[in-house]
Amino acid sequence: MPKLALPGRGSPADTGDGYSHKLSSPMAFFWTMVIFLIIVGFVAAILFRQAQSAFYSNPGLNGLIIGVLLIGILLVFNQVLSLRPEVRWFNSFRAAGSAEKVGRDPVLLAPMRALIGRHPAVALSTATLRSILDSIATRLDESRDTTRYLIGLLVFLGLLGTFWGLLGTIGSISAVIQSLDAGGGTANDILNALKEGLSAPLEGMGTAFSTSLFGLAGSLILGFLDLQAGRAQNRFYTELENWLSSVTEVGSDTRATDLPPSASTADIQALAERIARLAQENGGRSTAAMANLAEGIQGLVKNMRNEQQMLRDWIEVQQEEARALRRTLDRLAARSGEKATGKAHDPAGSE
């Protein structure tokens, strides 16, 4: 089976098989994100005047939305860039043939680094493989939790501004309706008062729709960037899983290949003697427990036999009663037949 040995140690992982390639750099996704932001900036420059007027309708809340968006963008880029030193460490480790020869220790691959540092020439078991992959997957998911929260926060802030503006609009319309006086002037005066009063509700509608616009647009931008970061992390995880699978020995998780190299035959024999000694010490308690279990089973079997005998007796009684009832019915049927035959012969005799 393949061993966790590296170039210079006879590793089969570097003999041209499907897993001999290095981990791919995440910079392809990084530049995709940069190009996307450039396109977004170009569109924002085209719509600058409309966006500026919408922004000043509620500068406080809209500024908060833009601030949250900028923080989310920085976090997403940091997630992608944090994969770069991990990939560089892994490729250097594959090239050097030993984790000790690589300068800095990784952060995301710290569990794998610790295992390889202790046992550089030991085949991984399936349980160890799953433990390493689960640890890395958990760290990757935790790094994206904040970004996912910020995406939902942008939508929430947009809805908050919408309801805020609608509340102001409803209050302003109510004030305008109450201020109208049909008998206080001409129709032109009433119309002018209505036009002046509707300016406040229209400002409230601008607040509502502008915050929704900025919130949804920010969520769209940050969602695409988070998607690219997720793709980069998934490719990193998949390629690492492929290589770890190539150095994993399929079989029992308690094989001798999982033991540290320092474990000698004497240590294994001492461990076996200790296990036997513990079994002898616990033999008395095990025997007593087995005896109690046997007594309980015997009592259960005896009760079941008694219940079966009672059930047989009850069935026999029911069968005897059924036979007696059948004989009674037969006698009644016979007597009824005799009476019917006698009545049939009496008219003939009288004639």
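Any read-out appearing in this document is the output of simple, stated calculations on the displayed coordinates, not a laboratory observation. Just so it is clear, the structure is predicted and the values come from calculations on it, not from any experiment. Note that we place each Cβ from the backbone using ideal geometry, even for glycine, and neighbour counts take in every protein chain shown.
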(message) Can you tally the net charge around PRO26? Count Lys and Arg as +1, Asp and Glu as -1, for every other residue whose Cβ sits under 10 Å from the Cβ of PRO26.
(response) +2
(message) Testing the spin-label approximation: label points 7 Å from Cα along Cα→Cβ at ASP134 and VAL317. State their distance in nm.
(response) 6.0
(request) Using a Förster distance of 30 angstrom, determine the FRET efficiency expected from the C-beta separation of TYR56 and ARG231, and round it to 0.05. (result) 0.20
